[in-house]
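Quick one: the structure is below, questions incoming.
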C-alpha cells in the first residue's frame, strides 16, 4: 500500500473537445459561421488574425449559459476521456486538459466554465448522430493553406485569455514547463495533432524524459507520424473489438454501445485505447515503447484470415518487403508482421519473420535469409 507521505507520479492527460455539447436554450450559440459573416468574402491566410479577434470577442460577450468543462462536453469520446482520467487516478496524480478549437487549451479540474460553441479543426463530414461543426479553416483554401491557417489559429488562441477565467497556462509548452509531469498521454485525432503540432513538440521537449510522452491517434497521417516518431503509438481500428472484448472496465463497452450518447465506437476509440493503457501499464513502466508493445500484443490477437486464403511468401520476399519499409527501425516486429500479412493476404511464419527483422536492423539489410 502506498504510504500517505509518498507522492503519486504526475501525469497530464490531454484530450480533444467533442462535437456534442450542452445546449443553450435562451441565446444563440457562438459559431464560426457567425464570426465569419462580419468579415470579407474569400477568406485567406491574411484573415486568421481578424477572424480570431472576432471569434474571441464573440465568445467573451456571449450571453449563453456557461458550463463547467466536464459538464459542457457530451458523447462517447468525452465519456471515454473521463473514464481514462478515472483509471489513471488510481495510480497517478492525474490531470485532464482539453484541446479546444474554440477556446484553446482549457483545464477540466480548475472550475473553469465555458459557453457552448461551434468550431472544430476537423475537415471531415459530420459523423452520423453528431452535430455538424464549422471547420476553423475555410474549405476554399488549398490543403497546405488550411494547415497553415489552423496552426496560426492555435498560436493566436494561446495568446488569448478568456474573460472571467483565472490564470492558467494557455499552451501545452507552457503547461508542461510549469507542471513538469512525470508522463503525458495525448488523445487526439489527426486534425488536432496537425493544428497543435508545434506546441506538442515543444511540450514534449520540456519533459525531463520525453520518452514518457505518448500520443494515441487512430488514423494519424503518415507525415505527422514521421514527425512525432515513436511517441505516436500505432494500432488498427480493429483494436476496438479487442478492448471491448476484454471488458476490463464495463464502461468501455457501454460507451461504445450506448446510442443515447450520440457517439460511436469509432469516435471514442482513441480515448478507450488510452483508458486501456492507463489501466494496464504501471507508472514506473510508462514509456511510449512499452505502451506500443502492450498495444501490439493486444492488436495481434485479432482473428486472422484463414491460412488457406493467404499466399505463402519466401524469405527473399520478406526481405524485399522489409527493404521497402521506411519505418523499419522504429516499428515493432509485431506491427510489421501484421501489416505484411494484411497487405495482399500474405503468409509467413512469425518466428522466422522476427529473425529477419532483427537481422535487417543489425546489419543494415545485408542479411542471410536462414535462421
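Since every read-out is calculated from the coordinates, none of them should be taken as a lab result. These numbers come from a predicted model, not from an experiment. Counting neighbours? That spans all protein chains shown, and the Cβs are built from the backbone with ideal geometry, glycine included.
Report the convex hull volume per residue for region 180-222, counting only C-alpha atoms, in Å³.
About 70 Å³ per residue, rounded to a whole number.
May I pose another question? Can you give the alpha-carbon Rg of region 135-253 over 2.2 N^0.38 Å, where N counts its residues?
Here the Cα radius of gyration is 1.22 times the empirical estimate.
Taking every pair of distinct Cα atoms and averaging 1/r, then inverting, what Kirkwood hydrodynamic radius in Å comes out for region 307-363?
So the Kirkwood estimate lands at 11.3 Å.
Cα centroids of region 152-169 and region 313-352: how far apart, whole angstrom?
So the two Cα centres are separated by 46 Å.
Going by average Cβ density within 10 Å per residue, which order do the peptides 43-49, 332-338 take, highest to lowest? Mind showing how you got there, number by number?
Working: 43-49: 14.3, 332-338: 19.6.
The packing order, highest mean first, is 332-338, 43-49.
Which distance in nm do the two modelled labels at residue 327 and residue 180 give, with both placed 7 Å along the Cα-to-Cβ direction?
That separation, rounded to one decimal, is 3.4 nm.
Can you figure out the FRET efficiency of residue 89 with residue 285, using R₀ = 22 Å and their beta-carbon distance, to the nearest 0.05?
Details: r = 18 Å, r/R0 = 0.81.
Plugging the Cβ-Cβ distance into 1/(1 + (r/R0)^6) gives 0.80.
Arrange the following residues from fewest to most other Cβ atoms within 10 Å of their Cβ: 321, 103.
Working: 321 20, 103 23.
Exposure proxy ranking, most exposed first: 321, 103.
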